[in-house]
Amino acid sequence: KDVIPPLEQLMVEKEGYLQKAKIADGGKKLRKNWSTSWIVLSSRKIEFYKESKQQAVSNMKAGNKPESVDLCGAHIEWAKEKSSRKNVFQITTASGNEFLLQSDIDFIILDWFHAIKNAIDRLPSR
Ligand code: I3P
């Protein structure tokens, strides 16, 4: 019998391109490597796609899953000291993954910061 996921889990709240660098995995530091990522925010998670949305759709048909970030118990904060770039914030997950997100365009990064912060604040902190 098929399990139907709750509608709220399917609702995309925001999507678009940002610069992304994963800097830790499970608490272990990674070498910083910025790349453009298509970011999809829904109520409980963020998905990072490596390519354009169109590319992502064909990748998904091939069975490739995007990198998914569980927002439950996650933290978000501005991270001026973590980069020479402007407009950088960090998401830290409960599992100890750390991501930097960045845009040169002020209103774009502000919109993203508030959208992700609102999503996190609505979730139980676990
Ligand atoms: C890193 C690369 C990053 C830079 C980082 C460098 O070098 O230039 O863009 O981060 O600085 O270490 P490499 O490609 O050799 O790993 P920013 O662009 O965010 O400043 P960092 O080590 O001070 O984080």
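Can you say whether ILE91 is at pLDDT 95 or above and surrounded by 15 or more Cβ atoms within 10 Å (Cβ to Cβ), as far as the supplied structure shows? In short, yes. Hey, does the stretch 46-55 have a residue that's open to solvent by less than 70 Å² (accessible area, probe 1.4 Å), modelled with pLDDT under 95 and among the aromatic types (Phe, Trp, Tyr)? Yes. Look at the stretch 18-43: where a residue is on the phi > 0 side of the Ramachandran plot and open to solvent by 50 Å² or more (accessible area, probe 1.4 Å) and a partner is more than 15 Å from the ligand (Cβ to nearest atom) and not in a strand (DSSP E or B), sitting 6+ places away or on another chain with Cβ atoms under 7 Å, you get GLY26/SER95; GLY26/GLY96; GLY26/ASN97; GLY27/GLY96. What tally of residues in the stretch 20-43 results from selecting those that are more than 16 Å from ILE76 (Cβ to Cβ), in a strand (DSSP E or B) and within 12 Å of the ligand (Cβ to nearest atom)? Count: 2.
The values are calculated or read from the model by the stated rules, or taken from the named source; none is laboratory data. Keep in mind the model is a prediction, meaning the values are calculated, not measured. Using ideal geometry, Cβ is built from the backbone for each residue, glycine included, and neighbour counts are taken over all protein chains shown. Each accessible area value is taken on the protein alone, full model and side chains, heavy atoms only, with ligands, DNA and RNA left out. Shrake-Rupley method; radii C 1.70, N 1.55, O 1.52, S 1.80 Å.
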